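One structure below.
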Amino acid sequence: MWRLSLLVACLSAGLLSVAAATTSSASVPPVPSTVGVKPRTQCKCLPGDPCYPSAKDWQAFSSKLSQPLIANQRPLGAVCYPSSGSKFSATQCVQFTAEINNPIFRSGLPNALQYETFEVLFNSSGVVVSECPFDNGVVNATGALCGQGRIPPNAVNVTTVQDIQEAVKFASKNNVKLVVRNKGHELLGRSGGVGALEVFTHNLNNLTFFNNFVPEGAPRNTPGEFAVTLGAGVSWSTAYSQTHAHNRSIPGGMAPFGTVGAAGGWLLGGGHSPLSRYFGYALNKKPGVDNVLQFKVVLPNGTFATVNKYRDPDLFWALRGGGGPSFGIVVESTVRTHPDLPYTGFFFVAQAANKDAYTNLLEVWNRYHNDLNDAGWAGIWPFTGNLLAFTLLNQGVPPFNPNGKPLMDKFLADANALANVTISSQEYVNYTSFLEFDMDVLVTGTHGFNFTQTAPGAPNNVISSWLLPKNITAASRARDMAELFASISGGNGFMVGGGPAATNNPADVSLAPAFRNIVTDLVLLPTGPGLPPVTIDSIDQLRRDVNKISQSFKQLAPPPFGGQYLNEPDFYEEDWQEAYWGPNYPRLLRIKKRIDPNDLLIVNKGVNSEAWDTEVICKTI
């Protein structure tokens, strides 16, 4: 039976050095010597450690689950390595490689993440320690080994609440790292982990619709609301289509092919949407009223709890923006639904001939940016390689806001007057529902910038982000911001602020107060379409490069007026507590210590993770 052999060094830099082996029948490279190993009471138990559960322990654990434990799990690429023993399959090597860029395929597997970047284990110097790359469907017959990387060696295929409870109890009793994954679209790799036990909630796909939902524990005569309960494994593509079938809509994320989970980490991290402009963030609609009405979670002590504003309101506050799975493993979330309204889409794609023309184009856009948002527009505006594109929408056909189309037409007139700028798309499209818009943009890629070409899959990924307050994107700063945007490799602006999202009371949820001040959440992209391909060996340098770029925006808009969306994290952001949560962090920390005193559900750059290394294996202080 395959056995991962690891030694951990909790280095002063806060990172670990790990060596991985493959099947027991394979020749195993020598494990590098390590120094500074801390007592096991300050580290999680890893395969090969004396404290790690025995095969008998794992078998006993498996017998308590609704589905057999996925034991000795190997990375997806193991099928291409003869040294992987029984996991090797030349046929599957070819088949899997054909699907390697398919986010739907990858999101449904417990042994793959949507970005290969986070399957790879790096040391504190950014050097690859363990990986298992595909090689274009070619069987690797050179004797090379498939390293385990950050793919958990054991996984629980969750179908019941008891499955999660048993996993929590087992990990707690045996001091094993626990990670939670529903789809794998996690931009700091927190759904993978060295030597971890994985809680795979992908198959919790229940949806229940209500015309008069009332949270448990609510006072008598509390009015009911339209809502939907989403299991932890429900994707946004399913949530949108099923909600539309009930003549309702729901503010949700936008990812190619809808592979992001609707009820888990996206929601716990705050969850912005193009519909935030009309209905608020996933967490809020208006002061004192939440789009999230109730969570059902398994707490770090194994208790199955219903959490809402009547039952443990402190924990309810923390769950709404405090990040997943820091305060509990979500089984299901109940979220308010809204009328299924028509939308006007607007698509724009322009290519500048040179940097001067590109800067002028960006200046025109920035001059109209805030006013267009006030006129009801929301959506996405990627820019890279002298290209600027919009995929925007406005509620109503024609837009309910009377300034919506006239103001956009003024922008178009100014953009068309620019020299050395070629506009290949500038069109309005009418949609009967948000689902129709989402399908057009993120599934078929019919109009404007083709986001389906940026679908998360095998390509390596590096990002950072910064929340830009309205005063920073004001028309008076248009030239300065245009020059700054033109000076960087590229970005993706998410125009998700304004409207109800800006009028909420920041104290109602743990989400960073900066979200109330912004029009755009700017994602910084050193990788992507039109940019040089990224190799694993270049990841660390790119992470450092994009961190430097984000600092320039941070200086313009420091917290609490600016900040960072914790679902779009910067790997090297040092002041993440302030960037993610601002003044809310001390309260979050108190709740975390109450709910998880033994640090079971700690994640990199999550609440109370300061004492742990980046892999959350050893305490460093």
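The values are calculated or read from the model by the stated rules, or taken from the named source; none is laboratory data. It should be emphasised that the depicted structure is a prediction, and the values quoted were computed from it without experimental measurement. A quick note on method: Cβ atoms are made from the backbone with ideal geometry, for glycine too, and the neighbour counts reach across all protein chains shown.
Here is how the numbers come out for the structure above:
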quantity: Some residue of the stretch 128-138 being β-branched (V, I, T), surrounded by fewer than 24 Cβ atoms within 10 Å (Cβ to Cβ) and over 24 Å from P569 (Cβ atoms); calculated: yes
quantity: So Q555, is it of a type outside the set (A, V, I, L, M), at pLDDT 95 or above and touching a strand residue (DSSP E or B) at 6+ places or on another chain (Cβ under 7 Å); calculated: no
quantity: Selection within the stretch 161-183 - in contact (Cβ under 8 Å) with a residue 60 or more places away in the chain and farther than 21 Å from F295 by Cα; calculated: F170, A171, S172, N174, N175, V176, K177
quantity: Whichever residue in the stretch 117-147 is out of contact with any helix residue (DSSP H, G or I) (no Cβ under 9 Å at 6 or more places or on another chain) and in a loop (DSSP other than H, G, I, E, B) and, among such residues, is farthest from D537 (Cα to Cα); calculated: T142
quantity: Residue check, Y572 of a type in the set (F, W, Y), more than 30 Å from D374 (Cα to Cα) and out of contact with any Pro (no Cβ under 8 Å at 6 or more places or on another chain); calculated: yes
quantity: Failed condition for L187, given (1) assigned to a loop (DSSP other than H, G, I, E, B); (2) under 24 Å from the mean Cα position of the chain (by Cα); (3) under 25 Å from K87 (Cβ atoms); calculated: (3)
quantity: Residue check, D570 farther than 30 Å from E166 by Cβ, acidic (D, E) and either in contact (Cβ under 8 Å) with a residue 60 or more places away in the chain or not assigned by TED's automatic domain parsing to the domain that holds S489 (or both); calculated: yes
quantity: Test: residue in the stretch 533-547 that is part of a loop (DSSP other than H, G, I, E, B), more than 24 Å from L484 (Cβ to Cβ), of a type outside the set (V, I, T) and at pLDDT below 95; calculated: yes
quantity: Residue list for the stretch 517-532, filter: at pLDDT 85 or above and either farther than 22 Å from V120 by Cβ or in a helix (DSSP H, G or I) (or both); calculated: N517, I518, V519, T520, D521, L522
quantity: Conditions (1) more than 30 Å from N461 (Cβ to Cβ); (2) assigned to a loop (DSSP other than H, G, I, E, B): number failed by Q165; calculated: (2)
